[in-house]
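The values are calculated or read from the model by the stated rules, or taken from the named source; none is laboratory data. Because the structure is a prediction, the values reported are computed rather than measured. Here the Cβ positions follow ideal geometry from the backbone for every residue, glycine too, while neighbour counts run over all protein chains shown. Protein only, heavy atoms only, side chains kept; ligands, DNA and RNA dropped before computing areas. Shrake-Rupley method; radii C 1.70, N 1.55, O 1.52, S 1.80 Å.
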Amino acid sequence: MADNWSDEELLAAVEVYVEMQRMDAAGIKFNKSAFYEKLTDRFGRKRSAFEMRMSNISHIYQLQGRTWVSGLKPLANIGPTNTPKLEKMIAQVEGQTIPSGADLDDKVAKAMKDVSGEPPKGQEKPGKSDGTVTQYQRDAKVIAWVLGGAKGICECCSKPAPFDRVDGTPYLEVHHVHRLADGGPDVIGNAVAICPNCHMELHYGGNKKALAQSLRKKISRLGESA
């Protein structure tokens with residue numbers, strides 16, 4: 001999808017989508033075409049263009065693990081500049097204060113299509129942005145490479161991923177053995193693909209230090225200082 005949409009058009013589309021999503025969730029019947037017609041009258045774009053943009057917003061909802069509007073199947077052809085814009089606008093319209101990270105998830109999904117080449121270099125000193133919370137700017141290629149190498153098997157407990165995502169890929173989470181908040185690098189030598197249970201244990205378990213040490217011994221790519 002072309003990136004020549006104005007912020008006003010994008011925000012208007014998000015406002016309509018959020019209204020339709022709330023109605024859909026409440027079981028209230030509505031006519032999508034009537035919503036598109038109002039947007040067409042306001043901005044002059046074809047109704048089909050707004051319908052496609054709504055499917056792009058469904059893609060953001062999918063990345064957030066949420067339910068999208070019935071009949072608006074997610075479409076990922078959003079454009080690199082519009083993904084973060086739409087995510088922020090959704091948060092704005094819904095009154096959220098913490099972003100979901102859908103922009104990173106979208107980049108990871110794209111990077112997952114090609115993880116067969118050389119391992120990515122990552123970032124020795126990841127950048128960060130300060131807002132409601134501090135969020136580290138993680139490298140999508142590092143996440144994709146680690147997930148691709150795991151092939152759906154938790155690198156901690158060696159069990160298969162507990163379930164598949166909507167797109168059919170196995171659900172595992174990428175964990176940094178040496179936390180980024182503690183100065184750890186965002187590189188494959190500090191990252192593992194693990195199931196949600198192991199992830200929570202590595203963060204909150206009573207034996208998390210011993211578990212992290214066992215990972216260093218088990219996985220050759222993990223540096224001893226990680």
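Taking Cα atoms only, the orientation of helix 208-218 departs from the longest principal axis of the chain by about 80 degrees. Residues Ser48, Ser220, ordered by accessible area of protein heavy atoms at a 1.4 angstrom probe radius and largest first, appear as Ser220, Ser48. Simple point charges give the picture: +1 on the Cβ of Lys and Arg, -1 on the Cβ of Asp and Glu, and for the chain a dipole about the Cα centre of about 520 debye. Taking only protein heavy atoms and a 1.4 Å probe, the accessible area of region 1-120 is 52% carbon and sulfur. Averaging over all projection directions, the Cα-based convex hull of the chain occupies 14.1 nm² in the image plane.
For region 1-108, what is Rg from Cα atoms divided by 2.2 N^0.38 Å, rounded to two decimals?
0.99
Rounded to the nearest 500, the helix-only mean residue ellipticity at 222 nm of the chain stands at -14000 deg cm²/dmol, with each DSSP H run of n ≥ 4 adding -39,500 (n - 2.57). What is the Cα centroid distance between region 7-21 and region 166-212, reported in whole angstrom? Region 7-21 and region 166-212 have Cα centres separated by 36 Å.
Probing with 1.4 Å while keeping every protein chain in the model, the per residue accessible area of the chain equals 56 Å².
The angle between the Cα long axis of helix 140-150 and the longest principal axis of the Cα atoms of the chain comes to about 60 degrees, rounded to the nearest 10. The Stokes-Einstein estimate for region 135-226, based on a Kirkwood radius over Cα pairs and taken at 37 °C with 0.692 mPa s viscosity, is a diffusion coefficient of 247 µm²/s. Descending by average beta-carbon neighbour count within 10 Å, the peptides 152-164, 136-148, 24-36, 77-89 line up as 136-148, 77-89, 152-164, 24-36, the highest first. For the chain, the longest principal axis of the alpha carbon atoms and the long axis of helix 7-25 meet at an angle near 90°.
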